[in-house]
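As structure tokens, the structure follows; a few thoughts come after it.
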Amino acid sequence: MNSLMEVCCDKCTHTPTTPCDKYIACRTEGPLCHDDASCKEKVQTRLKQVVIAPESGLKQVLICAGSGCISSGSRKVDAALEAELAKQGLADKVKITVTGCHGFCEQGPIFIVEPEGTFYCRVQPEDVPELVEKALGKGELVDRLLYKEPITGEKVRHYQDIPFYKKQQRNVLRNCGHIDPENMEEYIARDGYKGFVKALTMSPLEVIEDVKKSGLRGRGGAGFSTGQKWEFASKSPGDEKYVVCNADEGDPGAFMDRSVLEGDPHAVIEGMLVAGYAIGANNGVIYVRAEYPLAIKRLKVAIDQASACGVLGDNVLNSGFDFHLKIKAGAGAFVCGEETALMASVEGKRGMPRVRPPFPAVKGLWDKPTNINNVETYANVPAILRRGSEWYAGLGTERSKGTKVFALTGKVNNTGLAEVPMGVTLREIIFDIGGGIQNGKEFKAVQIGGPSGGCLPKEMLDLPVDYDSLIKVGAMVGSGGLVTMDETTCMVDIARFFLNFTQKESCGKCTPCREGTKRMLEILTRITKGQGKAGDIETLERLAKNIQATSLCGLGQTAPNPILTTLKYFRHEYEAHINEKRCPAGACSALLTYRIDSEKCVGCGACAKACPVNCISGELKKPYRIDASQCIKCGTCMDKCKFGAVIKG
Amino acid sequence: MEFITLNIDGKEVQAPKGATVLEACRYNDIIIPTLCHDPELSSPGGCRLCVVEIEGMRNLPPSCVTTAGQGMVVRTNTATVREARKTVLELMVANHPLDCMVCQKMGDCSLAAYAYEYEVANQPFEGEKAQHPIDDSNHFIVRDMNKCILCGKCVRACEEIQGRSVIDFAYRGFNTEVSPALLPLGESDCVFCGSCVAVCPVGALTEKNMIGKGRPWEIRKVKTTCNFCGVGCNYDLNVKDGKVIGVTGNETSVVNGRHLCIKGRFGTDFIHSDRRITTPLIKRDGVFVEATWDEALNLVAEKLTAIKEKYGPDSIAGLSSARCTNEENYLMQKFMRAVIGTNNVDHCART
């Protein structure tokens, strides 16, 4: 048996056109329709090979081929590994599994040896011969490639002992980095599609009740109850309904949905199958942004594999339920992450949001009742069915259940994906998992929830991360982007950055968002250039209030959040820019002056040589001077000076 | 008709069931400003000028797309509502040329009227303004997208009324623009019906033939029937100083409402043309010379009689025009059958 997906013998009659309802269970426990010890053995032997059971005597190398690790060179590593295994005669003993994202992109390419779980990081092709010889051949450690804890400097061997992973609870990401996403067998071997099979034994209403009981809330931004959403679509009259997956992940710095699609696409398909069964939809669409070519490719492979074995298509697993799934690639508009714009785009129209109500559950895709959730929401569903809603409701806080994947980016040591139970504090995510701030700098703020979210200061670090706590302080869970900033980040500049993003991505339909974000952006740009005036803060506040209250969709309504939260928590920075023409973080180049401390300057002339505009002059061995009127504030002199004599301020 | 009762601005009022809040207000003579709303077109709820406060609803919902409900409590004129509307207008004015003095739309511009009503300052925000080239690529419509407030009525009129979809929104953010696909209007699939011009609330779309010819307060509108075909559309001739300077739709027209075709809307320049033929012409020695009606009719009668006598009545055929009225067309066939004696009679619109 070369794959669990194969039939054990000719007694098995399962095909997509003659489906068997026990097909999924049969893959791992089979055969179930006949009693044959040799068939059973075939299945169990294969299963052990797939999950690399210790008694199989096999070793497995998990090489990350998520977008992050690919860009740091992982595809060269797996090519080198294959060649090296053949060279050293280990090809039969070691299974190479090219996986999706492990979430620890900072340390890529990641190379894990199973079953012992040794974690090697930043592996390059030239490291491969040594790894094959020692780690795979002799079972020794290759010390220099182990993960080094940044603060203690200690080497950590096991993946699960690394602080980045230790505090995480990986449900949605459980398969990411551990299975080959292009091989359905591996998903099946790890309980894949069992949640859907369980759903088929229940009535659609019971499934909805179960999802409601789990307390799952939408992971895309607004945090609406998923079960309730399904109930609306289910109760909505109509003979044709749709299930849509929003995979138009576009927040700057957010890549959790991409990782799930690249690392575990069947989990999303399974979630959509359950939703389709629950609301009575026979067709699904996954709307993926075109900037995710690998996710699209892996989804296509997964859909083809699921269709080939009758998990998608007509009369799925002989249940009488038909479900067909299509992929629609987006065309690069951020606003298409808004559900009504997304559906307009699927219909071939310009992606512009429309007024709700009617909500998609009543009038969605092609004007039919539609359920739309995002990738992470659907990926949560299989485990809820499989392990029960009580289990899921036991995770998280009272009103925010389950786990949430956050994308750690910015000035944090461990950038990557972290999945934690709802309700852990920002401090735990940023310092325990994220390993604190780079280069020992001071934490200043964290932007949570993407461009629509808010910037929270260090006083908020002990805030539990859940839907309601964040809304209260002016931020939101959003899709889960966490951009960490240190003392060198200017908060006015950060607000300007996010406004620049929302302004460019405004669809242009409603006046407050289209014109208002432009004016706010102009004011912020002026302030960062030292041209702020009295009254600017008040104008920003007035515009923000009215844009929030009158914009058509979530993009406009939340676009002022970065301004409002930075004004709330860092107002003094705005005031310093406007009144004193000073950037406290030293980030706004227009407000900086560079000068040379004559006490410290030894007169080596290195700064003058490096200055691209020749504005530094002086005599050797005497203090140099910077002509501020010519200085372009590039900071080269400061980088070159070995004596710390160049002062910025 | 079924009615609901709701409270608008502290008064219990009635409105037809299913009406929007805007319709409910208008039904009760409560004025709500609108720019993107048009009763004949779908409502995108985009301009956000018609926002109101509704108890139990978050933010300020736009009245044009919010269904009025039994017992709903609506406030249309609070300080919050007025400030929101004023901000919307300020944002529009901030990105609008302030050359109102020479704008063709002066005196008939909704943006100017609301800006005046809401006391919008002359330069509400400093900053960039749209810089689009003026599309003057055709004989009929001038498109100045710098004046466009992106209400999208032209887009919807083109798609929903005319079924042509020649223009749509293009680009994003501050660069959003209404545009034909890739080409200027003159090279697009536009048939120049002018429906877009008719719905434009500002000076972004104007009839080229009327530019510089008169101000709204100088123009007398004379409702008449279009004489280009037998459909019988009505429209208003725009008359200044006894001269027709152009045509605008008239929504009280039973046949066509505000809608017209290229000929009706733009084809009136012949009225005052100095090349217009004002007397019958008879060709003598190869040259047309002016003649009286008697001379001309006598000539035609003589020729027809001669042809009929020599070759028989079926050697003559009559072709009538769609520009004639039913009565004229009736007389034409009667003349051919009863006077000439032939059934050879046809009409240009007979297909």
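Between B:ILE134, B:ILE149, B:ILE54, which is within 9 Å of another protein chain (Cβ to nearest Cβ) and hydrophobic (A, V, I, L, M, F, W, C)? Lay out the reasoning, then the answer.
Working: B:ILE134 fails: within 9 Å of another protein chain (Cβ to nearest Cβ); B:ILE54 fails: within 9 Å of another protein chain (Cβ to nearest Cβ).
Within the list B:ILE134, B:ILE149, B:ILE54, the selection yields B:ILE149.
Looking at the range A:601-644 only, could you name the residues that are part of a loop (DSSP other than H, G, I, E, B), touching a Pro at 6+ places or on another chain (Cβ under 8 Å) and within 20 Å of A:GLY586 (Cα to Cα)?
First pass over the range A:601-644, keeping only residues part of a loop (DSSP other than H, G, I, E, B): A:601-605, A:611-615, A:618-624, A:627-635, A:641-644.
Next cut, touching a Pro at 6+ places or on another chain (Cβ under 8 Å) only: A:601, A:603, A:632, A:634.
A:ILE632, A:CYS634 - these are the residues of the range A:601-644 that are part of a loop (DSSP other than H, G, I, E, B), touching a Pro at 6+ places or on another chain (Cβ under 8 Å) and within 20 Å of A:GLY586 (Cα to Cα).
Looking at (1) farther than 30 Å from A:CYS513 by Cα; (2) small (Gly, Ala, Ser); (3) crowded, with 19+ Cβ neighbours inside 10 Å, find the lone condition where B:GLY173 falls short.
It is condition (1) that B:GLY173 fails.
Out of A:ARG526, A:ARG542, I need the residue that is at the interface with chain B (Cβ under 8 Å from one of its Cβ atoms), without any contact (Cβ under 8 Å) to a residue 12 or more places away in the chain, surrounded by fewer than 21 Cβ atoms within 10 Å (Cβ to Cβ) and over 24 Å from the mean Cα position of the chain (by Cα). Which one?
Numbers: A:ARG526 fails: at the interface with chain B (Cβ under 8 Å from one of its Cβ atoms).
None of the others qualify; the one that does is A:ARG542.
Determine whether the range A:82-94 contains at least one residue that is modelled with pLDDT under 90 and under 19 Å from A:GLY192 (Cβ atoms).
Checked against the condition, which is being modelled with pLDDT under 90 and under 19 Å from A:GLY192 (Cβ atoms), the range A:82-94 yields no hits at all.
Going by the conditions given, is B:GLU177 within 14 Å of another protein chain (Cβ to nearest Cβ), out of contact with any strand residue (DSSP E or B) (no Cβ under 6 Å at 6 or more places or on another chain) and under 21 Å from B:LEU41 (Cα atoms)? Even if it seems obvious, please write down each step before you answer.
On the way: within 14 Å of another protein chain (Cβ to nearest Cβ): yes; out of contact with any strand residue (DSSP E or B) (no Cβ under 6 Å at 6 or more places or on another chain): no; under 21 Å from B:LEU41 (Cα atoms): yes.
Judged against the criteria, B:GLU177 is not a match.
Taking the residues in the range A:466-508 that are in the same structural domain as A:THR525 (by TED's automatic domain parsing) and among the basic types (Lys, Arg) as candidates, determine which candidate is farthest from A:GLY554 (Cα to Cα).
Ranking the candidates gives A:ARG496 first.
Got a number for residues in the range A:155-194 being surrounded by 24 or more Cβ atoms within 10 Å (Cβ to Cβ) and over 30 Å from A:LEU141 (Cβ atoms)?
Residues flagged as surrounded by 24 or more Cβ atoms within 10 Å (Cβ to Cβ) and over 30 Å from A:LEU141 (Cβ atoms) within the range A:155-194 amount to 6.
Which is under 22 Å from A:CYS634 (Cα atoms), of a type in the set (Phe, Trp, Tyr) and either out of contact with any Asp or Glu (no Cβ under 6 Å at 6 or more places or on another chain) or away from chain B (no Cβ under 14 Å) (or both), of A:TYR569, A:TYR594?
Only one candidate passes the filter, namely A:TYR594.
Which strands (runs of 3 or more DSSP E) sit wholly inside the range A:385-465 and have at least 2 residues that are over 19 Å from A:ALA254 (Cα atoms)?
Numbers: elements: A:403-410, A:416-421, A:443-448, A:454-457.
Hits in the range A:385-465: A:443-448.
Which pairs turn up if I take residues in the range A:343-362 that are at the interface with chain B (Cβ under 9 Å from one of its Cβ atoms) and look for partners that are in a loop (DSSP other than H, G, I, E, B) with beta carbon separation below 6 Å, at least 6 apart in sequence or on another chain?
A:MET352/A:CYS507; A:MET352/A:LYS509; A:VAL355/B:GLY45
Is it the case that B:PHE125 is buried (at least 19 other Cβ atoms within 10 Å of the Cβ), at pLDDT below 95 and within 12 Å of chain A (Cβ to nearest Cβ)?
Working: buried (at least 19 other Cβ atoms within 10 Å of the Cβ): yes; at pLDDT below 95: yes; within 12 Å of chain A (Cβ to nearest Cβ): yes.
So B:PHE125 fits the description; yes.
Out of A:ALA576, A:ALA645, A:ALA610, I need the residue that is in contact with a Ser or Thr (Cβ under 6 Å, 6 or more places away or on another chain) and either within 14 Å of chain B (Cβ to nearest Cβ) or surrounded by 13 or more Cβ atoms within 10 Å (Cβ to Cβ) (or both). Which one? Give the steps one after another, and end with the answer.
Values: A:ALA576 fails: in contact with a Ser or Thr (Cβ under 6 Å, 6 or more places away or on another chain); A:ALA645 fails: in contact with a Ser or Thr (Cβ under 6 Å, 6 or more places away or on another chain).
None of the other options fit; the residue is A:ALA610.
What are the pairs, 6+ residues apart or on separate chains, where a residue within the range B:293-310 that is within 23 Å of B:THR278 (Cβ to Cβ) has its Cβ under 7 Å from a residue that is surrounded by 12 or more Cβ atoms within 10 Å (Cβ to Cβ)?
B:TRP293/B:PRO280; B:GLU295/B:ILE282; B:ALA296/B:PRO280; B:ALA296/B:ILE282; B:LEU299/B:ILE282
Give me a count of the residues in the range B:63-93 that are within 34 Å of the chain's Cα centre (by Cα) and without any contact (Cβ under 8 Å) to a residue 40 or more places away in the chain.
Of the residues in that region, 9 qualify.
Filter the range A:483-507 for residues that are aromatic (Phe, Trp, Tyr), surrounded by fewer than 24 Cβ atoms within 10 Å (Cβ to Cβ) and within 14 Å of chain B (Cβ to nearest Cβ) and give the result. Spell out the reasoning first.
Our first condition is that a residue be aromatic (Phe, Trp, Tyr); within the range A:483-507, this holds for A:497-498, A:501.
Filter once more, so that each one left must be surrounded by fewer than 24 Cβ atoms within 10 Å (Cβ to Cβ): A:497, A:501.
Within the range A:483-507, just A:PHE501 meets the criteria.
Find the residue count for the range A:47-81, including only residues that are more than 16 Å from A:PRO115 (Cα to Cα), in a helix (DSSP H, G or I) and of a type outside the set (Val, Ile, Thr).
So the count comes out to 11.
Can you name every residue in the range B:23-43 that is within 20 Å of the chain's Cα centre (by Cα) and either within 14 Å of chain A (Cβ to nearest Cβ) or of a type outside the set (D, E, K, R) (or both)?
Going through the range B:23-43, the residues within 20 Å of the chain's Cα centre (by Cα) turn out to be B:34-43.
Across the range B:23-43, the qualifying residues are B:THR34, B:LEU35, B:CYS36, B:HIS37, B:PRO39, B:LEU41, B:SER42, B:SER43.
Take B:PRO44 and tell me if it is surrounded by fewer than 20 Cβ atoms within 10 Å (Cβ to Cβ), out of contact with any strand residue (DSSP E or B) (no Cβ under 7 Å at 6 or more places or on another chain), within 30 Å of B:THR176 (Cα to Cα) and not small (Gly, Ala, Ser). Let's see the steps before the verdict.
On the way: surrounded by fewer than 20 Cβ atoms within 10 Å (Cβ to Cβ): no; out of contact with any strand residue (DSSP E or B) (no Cβ under 7 Å at 6 or more places or on another chain): yes; within 30 Å of B:THR176 (Cα to Cα): yes; not small (Gly, Ala, Ser): yes.
Taking the combined requirement at face value, the residue does not satisfy it.
Sort out which residues of the range A:570-590 are in contact with a strand residue (DSSP E or B) (Cβ under 8 Å, 6 or more places away or on another chain) and either modelled with pLDDT of 95 or more or under 13 Å from A:GLY530 (Cβ atoms) (or both), and write them in order of number. First the steps, then the outcome.
Let us first name the residues in the range A:570-590 that are in contact with a strand residue (DSSP E or B) (Cβ under 8 Å, 6 or more places away or on another chain), namely A:570, A:585-586.
Of everything in the range A:570-590, just one residue is in contact with a strand residue (DSSP E or B) (Cβ under 8 Å, 6 or more places away or on another chain) and either modelled with pLDDT of 95 or more or under 13 Å from A:GLY530 (Cβ atoms) (or both), namely A:PHE570.
Just checking, which of B:GLY46, B:GLY71 is assigned to a loop (DSSP other than H, G, I, E, B), farther than 17 Å from B:MET92 by Cβ and touching a Leu at 6+ places or on another chain (Cβ under 8 Å)?
Values: B:GLY46 fails: farther than 17 Å from B:MET92 by Cβ.
On inspection, the qualifying residue turns out to be B:GLY71.
Is there a residue being under 29 Å from the mean Cα position of the chain (by Cα) and exposed (fewer than 13 other Cβ atoms within 10 Å of the Cβ) anywhere in the range B:307-325?
So the first thing to find is which residues in the range B:307-325 are under 29 Å from the mean Cα position of the chain (by Cα), and the list is B:321-325.
After this cut, where a residue has to be exposed (fewer than 13 other Cβ atoms within 10 Å of the Cβ) as well, the list is B:325.
Yes, because at least one residue in the range B:307-325 is under 29 Å from the mean Cα position of the chain (by Cα) and exposed (fewer than 13 other Cβ atoms within 10 Å of the Cβ).
In contact with an Asp or Glu (Cβ under 7 Å, 6 or more places away or on another chain), in contact (Cβ under 8 Å) with a residue 12 or more places away in the chain and more than 14 Å from chain B (Cβ to nearest Cβ): does that describe A:THR415? Spell out how you get there, then give the answer.
Working: in contact with an Asp or Glu (Cβ under 7 Å, 6 or more places away or on another chain): yes; in contact (Cβ under 8 Å) with a residue 12 or more places away in the chain: yes; more than 14 Å from chain B (Cβ to nearest Cβ): yes.
When the stated conditions are applied, A:THR415 passes them.
Restrict the check to the range B:86-100 and report whether at least one residue is of a type in the set (S, T, N, Q), away from chain A (no Cβ under 11 Å) and under 27 Å from B:CYS200 (Cβ atoms).
Let us first name the residues in the range B:86-100 that are of a type in the set (S, T, N, Q), namely B:87, B:95.
This time we only want the ones that are away from chain A (no Cβ under 11 Å), so: none.
Within the range B:86-100, none of the residues are of a type in the set (S, T, N, Q), away from chain A (no Cβ under 11 Å) and under 27 Å from B:CYS200 (Cβ atoms).
The values are calculated or read from the model by the stated rules, or taken from the named source; none is laboratory data. A quick note: this is a predicted structure, and the numbers were derived from the prediction, not measured. With ideal geometry, Cβ positions are generated from the backbone for all residues, glycine too; neighbour counts draw on all protein chains shown.
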